[in-house]
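Let me begin by presenting the structure, written as structure tokens, before commenting on it.
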Amino acid sequence: MAFNGETTAFIGVGVMGEAMIKGVLSQRLLAPENIVAADPRRERLDMLRERYGIQVTTDNAAAASAADILVLSVKPQVMEAVLPELRGQVDRLRLILSIVAGVTLKTISENLLNARVVRSMPNTPGQIGSGITVWTASPDVGAEARAQAEALLGAMGERIYAADERYLDMATALSGSGPAYVFMFMEALVDAGVHMGFARRDAEKLVTQTLLGSVRYAQQSGLHPAQLRNQVTSPGGTTAAALHEMEKGGLRTVLSEGVWAAYRRSQALGDIPD
Ligand SMILES: NC(=O)c1ccc[n+]([C@@H]2O[C@H](COP(=O)([O-])OP(=O)(O)OC[C@H]3O[C@@H](n4cnc5c(N)ncnc54)[C@H](OP(=O)(O)O)[C@@H]3O)[C@@H](O)[C@H]2O)c1
């Protein structure tokens with residue numbers, strides 16, 4: 001059992017903070033009374049208290065000072081305001097777990113005067129336990145705290161540990177932002193279906209099941225994507241015609257450039273003064 005009645009405070013409980021709380025409660029890792037949610041909006045806090053039975057507050061410093069474990073789940077742009085509020089409240093904690101894009105272990109530990117920091121990058125399918133998180137830890141995080149961080153992140157789905165922090169910005173660009181690329185791809189295919197004449201609900205069903213089935217098939221077959229693509233591509237056929245147009249439009253290059261842009265942006269977000 002990774003936890004022993006520790007109080008865990010979440011600073012900023014939006015989409016991702018709530019996903020983690022929901023997963024942690026459904027896996028019974030923590031009891032509702034051991035979770036404190038700190039967020040600026042009263043109505044949001046009332047809803048969280050009603051839905052999950054957790055403690056809530058608008059006071060970040062008070063939440064942090066009462067906690068054994070701190071989760072940072074605010075937007076990167078808000079970190080500059082939040083870190084000074086927490087400074088001096090969290091130096092005794094054995095685990096500070098950040099899911100904030102771009103912000104480095106060094107920035108967090110120097111601003112919070114505590115080097116026991118785990119940095120992670122989950123993604124939004126974590127809301128239904130189907131996410132994937134890449135995480136890394138500073139050398140000061142002990143074995144027990146590492147197990148607790150893994151358990152908290154595991155409540156949202158799969159995990160990959162990275163010994164080198166550089167992989168966090170890469171994961172931000174690939175799997176953190178990744179669902180948005182997939183949703184845009186879905187939207188574009190559905191719109192193409194509607195453009196040809198399908199009812200929207202039929203186009204949505206065709207696209208969703210095609211994506212779901214293709215991903216499952218790729219996972220189960222273990223074949224290289226190029227082999228799977230070749231299975232669908234007959235000489236002189238319809239798929240070849242479509243792929244030719246997609247290659248001509250630079251689909252692969254656009255995807256690669258997009259991922260690189262996200263990587264550079266994630267690196268830039270980390271530039272908070274110490
Ligand atoms: N969404 C993703 O796909 C994703 C994936 C991986 C990691 N992340 C990371 O997860 C973090 C949270 O993202 P999110 O999508 O959950 O964002 P979000 O839904 O906007 O949640 C952030 C929460 O923080 C609250 N907040 C704002 N200012 C605050 C303050 N000073 N103190 C305490 N709370 C404050 C916000 O309240 P208001 O709404 O009232 O401002 C909101 O409820 C980000 O750093 C992001 O990089 C996001």
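Here is a yes/no grid of residues against (1) in the same structural domain as Val118 (by TED's automatic domain parsing); (2) farther than 27 Å from Gly142 by Cβ; (3) within 15 Å of the ligand (Cβ to nearest atom):
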site: Pro32; (1), (2), (3): yes, no, no
site: Ala38; (1), (2), (3): yes, no, yes
site: Glu43; (1), (2), (3): yes, yes, yes
site: Gly53; (1), (2), (3): yes, yes, no
site: Ala64; (1), (2), (3): yes, no, yes
site: Leu72; (1), (2), (3): yes, no, yes
site: Leu83; (1), (2), (3): yes, no, yes
site: Gly88; (1), (2), (3): yes, no, no
site: Arg92; (1), (2), (3): yes, no, no
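If I filter region 161-172 for residues that are surrounded by fewer than 14 Cβ atoms within 10 Å (Cβ to Cβ), modelled with pLDDT of 95 or more and aliphatic (A, V, I, L, M), do I get at least one hit? Yes - at least one qualifying residue is present in region 161-172. Here the condition is being within 30 Å of Ala101 (Cα to Cα) and in contact (Cβ under 8 Å) with a residue 60 or more places away in the chain; of Val215, Val254, Val182, Val259, it holds for Val259 alone.
Note on region 155-177: residues that are closer than 17 Å to Ala19 by Cα, without any contact (Cβ under 8 Å) to a residue 60 or more places away in the chain and in a helix (DSSP H, G or I) total 1. Selection of first residues in region 44-55 that are over 13 Å from Lys22 (Cα atoms) and of second residues that are more than 14 Å from the ligand (Cβ to nearest atom), restricted to Cβ pairs under 7 Å at least 6 apart or on distinct chains, gives the following pairs, ordered by first then second residue: Gln55/Glu33; Gln55/Ile35. Among the residues making up region 127-140, those that are more than 13 Å from Ala171 (Cα to Cα), within 14 Å of the chain's Cα centre (by Cα) and away from the ligand (no atom under 11 Å from the Cβ) are Ile128, Gly129, Ser130. Scanning region 32-53 for residues that are aliphatic (A, V, I, L, M) and under 15 Å from Thr7 (Cα atoms), we see that the one that is surrounded by the most Cβ atoms within 10 Å (Cβ to Cβ) is Ala38.
None of Thr124, Thr58 is within 14 Å of the ligand (Cβ to nearest atom), over 21 Å from Leu153 (Cα atoms) and of a type in the set (Ser, Thr, Tyr) except Thr58.
Counting only strands (runs of 3 or more DSSP E) that sit completely within region 1-100, those holding 1 or more residues that are modelled with pLDDT of 95 or more and more than 24 Å from Met121 (Cβ to Cβ) correspond to 55-57.
The values are calculated or read from the model by the stated rules, or taken from the named source; none is laboratory data. No experiment lies behind these values; they were computed from the predicted model shown. A quick note on method: Cβ atoms are made from the backbone with ideal geometry, for glycine too, and the neighbour counts reach across all protein chains shown.
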